[in-house]
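Participant: I'd like to ask some things about the structure below.
The values are calculated or read from the model by the stated rules, or taken from the named source; none is laboratory data. Every value quoted in this text rests on a predicted model; they were computed, and no experiment measured them. With ideal geometry, Cβ positions are generated from the backbone for all residues, glycine too; neighbour counts draw on all protein chains shown. Side chains included, ligands, DNA and RNA excluded: accessible areas come from the protein's heavy atoms. Shrake-Rupley method; radii C 1.70, N 1.55, O 1.52, S 1.80 Å.
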Amino acid sequence: MRLCSIASGSSGNCIYTGSGHTHLLVDAGISAKRVEAGLRALQVDGKEIDGLLITHEHSDHIQGAGVLARRYGIPIYATGGTIARMKTVKSLGAVDESLYHVICADRRFTIGDVEVEPFSVSHDAAEPVAYRFTCGNRSVAVATDMGVYTDYIVERLQGLDVLLLEANHDIRMLQAGPYPYLLKQRILGECGHLSNESAGQLLCRLLHDRMKKIYLGHLSKENNYAELAYETVKLEIDLGAVKYKAGDFDIQVAERDCRSEICEW
């Protein structure tokens with residue numbers, strides 16, 4: 001399988017994953033032009049994309065979805081609640097009804113040779129999900145936009161080879177920053193975003209001997225920065241009640257404005 005973050009952050013998200021035969025995008029929250037440039041770097045053409053899987057309807061996850069769907073006829077997979085909200089977003093433009101495919105959390109389905117498992121996350125959206133992908137004995141997950149993690153989340157992220165996990169904000173930066181009080185409370189709440197500390201604590205419950213790579217994604221532009229997210233997550237692992245140290249794993253921050261390294265396994 002392969003995974004590459006084309007863009008990941010509070011200003012726009014688009015993740016490529018797939019096998020040698022199946023090409024998928026998780027979200028398209030940047031312009032279609034930027035998505036296409038990212039795909040070209042992966043030697044993938046837009047018309048080769050077999051599915052666009054939407055996590056939820058916020059603009060930083062769907063900005064380019066309409067253009068891509070119309071230009072290449074890409075099927076859009078999302079929950080019923082998400083699709084209903086997407087259809088009310090005027091900037092998305094008209095999308096052929098036949099391109100929408102309703103999915104349900106905890107109901108697996110296949111696209112090509114990849115099995116897709118959507119699972120519910122806690123976020124202030126209509127019916128948000130994250131995704132786990134499996135091809136043969138290889139697996140990867142993209143899990144962002146969740147205010148808290150639960151045993152349910154932990155169970156669905158077990159045994160992964162590769163994980164892109166939200167490390168959205170530093171709590172102290174957010175609390176001291178310029179955001180209005182209600183917005184701060186929303187981000188910190190159970191339907192907000194995962195902090196650096198929480199990301200590290202969650203990872204402590206997911207690490208195993210065969211994990212090949214961890215991406216830290218969806219960083220806030222105003223309330224986080226790459227070095228802080230990286231060091232905070234590392235510290236949580238090193239101080240955690242686990243047999244591992246952060247140095248045992250390949251951990252990388254997925255940047256908002258540039259493509260990540262391609263992970264192939």
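Participant: Could you give the Stokes-Einstein D for the range 55-111 in µm² per second, using the C-alpha Kirkwood radius, 10 °C, 1.306 mPa s?
Facilitator: Rounded to a whole number, D works out at 136 µm²/s.
Participant: Express the relative contact order of the chain as a whole percentage, based on alpha carbon pairs under 8 Å and six or more residues apart in sequence.
Facilitator: Taking the mean separation of contacting Cα pairs over the length of the chain, I get 19 percent.
Participant: Calculate for the chain the 222 nm mean residue ellipticity that helices alone would give, adding -39,500 (n - 2.57) per DSSP H run of length 4 or more and normalising by residue count, nearest 500 deg cm²/dmol.
Facilitator: Numbers: 9 runs with 72 residues, N = 265.
Per the formula, -7500 deg cm²/dmol.
Participant: Would you list, by chain and number, the lysines whose Cα falls below 22 Å from the Cα of LYS184, excluding same-chain residues fewer than 8 positions away?
Facilitator: Excluding near neighbours in sequence, the set is LYS221.
Participant: Right, another one. Among DSSP beta bridges whose residues both lie in the chain, state the antiparallel percentage, nearest 5.
Facilitator: Approximately 55 percent, going by the DSSP bridge assignments.
Participant: Based on the Cα atoms of the range 55-199, what semi-axes does the equivalent ellipsoid have, where each is the square root of 5 times one gyration tensor eigenvalue, given in whole Å with the largest first?
Facilitator: Ellipsoid half-lengths, sorted descending, are 27, 22, 12 Å.
Participant: Additional query: Give me the percent relative contact order of the range 3-114, please, defined on Cα pairs under 8 angstrom at least 6 residues apart.
Facilitator: Contact order relative to length: 24 percent.
Participant: Now for a separate question. For the chain, what number results from the quotient of the Cα radius of gyration and 2.2 N^0.38 Å?
Facilitator: The value comes to 0.94.
Participant: Another question, if that's okay. Just tell me which lysines come within less than 24 Å, Cα to Cα, of LYS243; anything on the same chain fewer than 8 places away is out.
Facilitator: Straight-distance partners of LYS243: LYS212, LYS213, LYS234.
Participant: Per residue, how many Å² of accessible area does the range 9-98 show with a 1.4 Å probe? Let's see the in-between values first.
Facilitator: On the way: 3550 Å² over 90 residues.
With the other protein chains kept in place, the range 9-98 gives 39 Å² per residue.
Participant: Would you mind telling me the share, in percent, of accessible area of the range 110-265 contributed by carbon and sulfur at probe 1.4 angstrom? Let's see the in-between values first.
Facilitator: Values: 3320 of 6810 Å².
The computed percentage sits at 49.
Participant: Could I ask something else about it? If the cut-off is a Cα-Cα distance under 19 Å, which aspartates and glutamates reach LYS245, setting aside same-chain residues fewer than 8 apart in sequence?
Facilitator: Answer for LYS245, where 19 Å is the Cα cut-off: ASP161, GLU197, ASP209, GLU227, GLU231, GLU236, listed by chain and number.
Participant: Determine Rg/Rh for the range 134-234; Rg is computed over alpha-carbon atoms and Rh is the Kirkwood hydrodynamic estimate from the same atoms. Don't skip to the end; give the middle numbers.
Facilitator: On the way: Rg = 14.0 Å, Rh = 14.0 Å.
That ratio equals 1.00.
Participant: What is the packing order of peptides 219-231, 137-149, taking the mean over residues of other C-beta atoms within 10 Å and listing the highest first?
Facilitator: 137-149, 219-231
Participant: Roughly what % antiparallel, to the nearest 5, for the DSSP beta bridges in the range 134-265?
Facilitator: Beta bridges within the range 134-265, antiparallel portion: roughly 15 percent.
Participant: Which of the peptides 51-57, 153-159 is most tightly packed, and how do the rest follow, going by the mean number of other Cβ atoms within 10 Å of each residue?
Facilitator: 51-57, 153-159
Participant: Here's a follow-up. Which peptide among 241-248, 116-123 comes first, and what is the full order, when sorted by highest mean count of other Cβ atoms within 10 Å?
Facilitator: Highest mean packing first, the order is 116-123, 241-248.
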